[in-house]
């Protein structure tokens, strides 16, 4: 992490075998979600975790503490977006697409437990987009 005012490096985050596709802070700023996907060639690509989401505690920024790594479906592609469904200012559900599997994993907003994985296609999905009416969705 870099201090934007001074330009100094304040901290680093080592992510072995993880290509951070998308990273999003929860709307209240208490957690950071990092989605995995794939990039590179050969051994680099072969060793990447393509089926995890990492959740970090952001209460002691610039330090980040890994709360948990959650196994979800696969994203053997370069981009895996993430979205938060909010209600009354609280994250109710975290939407994690699994493009390679053609599915969508739903995490509980309070505990990050896998609530369900919904099959939405018989094959890979090229691109995910999120839309929500009569509520709030952020971070896509």
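Numbers at a glance
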{"item": "Residue within region 46-53 that is free of Cβ contacts under 8 Å to residues at least 24 places away in the same chain, surrounded by 19 or more Cβ atoms within 10 Å (Cβ to Cβ) and within 29 Å of residue 1 (Cα to Cα) present", "result": "no"}
{"item": "Any chance residue 100 is modelled with pLDDT of 85 or more and under 29 Å from residue 1 (Cα atoms)", "result": "no"}
{"item": "Unique residue being within 28 Å of residue 2 (Cα to Cα) and touching a helix residue (DSSP H, G or I) at 6+ places or on another chain (Cβ under 9 Å) when the list is 19, 56, 23, 33", "result": "19"}
{"item": "Filtered residue count, region 88-134, keeping only those that are in a strand (DSSP E or B) and either in contact with a strand residue (DSSP E or B) (Cβ under 8 Å, 6 or more places away or on another chain) or at positive phi (or both)", "result": "20"}
{"item": "Long-range neighbours under 7 Å by Cβ, at least six apart or interchain, first residue more than 25 Å from residue 87 (Cα to Cα) within region 109-129, second at pLDDT 90 or above", "result": "121/102; 122/102; 123/102; 124/99; 124/100; 124/102; 125/99; 125/102"}
{"item": "Every residue from region 5-19 that is exposed (fewer than 14 other Cβ atoms within 10 Å of the Cβ) and in contact (Cβ under 8 Å) with a residue 12 or more places away in the chain", "result": "10, 11, 15, 17"}
{"item": "Residue 73 vs. criteria farther than 26 Å from residue 97 by Cβ and part of a loop (DSSP other than H, G, I, E, B)", "result": "no"}
{"item": "Residues located in region 15-37, provided they are under 20 Å from residue 101 (Cβ atoms), in contact with a strand residue (DSSP E or B) (Cβ under 6 Å, 6 or more places away or on another chain) and outside any strand (DSSP E or B)", "result": "18"}
{"item": "One residue from 75, 83, 63, 38 being in contact (Cβ under 8 Å) with a residue 24 or more places away in the chain, surrounded by 12 or more Cβ atoms within 10 Å (Cβ to Cβ) and in contact with a helix residue (DSSP H, G or I) (Cβ under 7 Å, 6 or more places away or on another chain)", "result": "38"}
{"item": "Matching residues in region 96-110 - criterion: being within 15 Å of the chain's Cα centre (by Cα) and surrounded by fewer than 15 Cβ atoms within 10 Å (Cβ to Cβ)", "result": "108"}
{"item": "Test: residue in region 57-66 that is over 22 Å from residue 124 (Cα atoms), out of contact with any strand residue (DSSP E or B) (no Cβ under 7 Å at 6 or more places or on another chain) and assigned to a strand (DSSP E or B)", "result": "no"}
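The values are calculated or read from the model by the stated rules, or taken from the named source; none is laboratory data. Keep in mind that what you see is a predicted model, and the values were worked out from it rather than measured. Backbone-built Cβ (ideal geometry, glycine too); neighbour counts: all protein chains shown.
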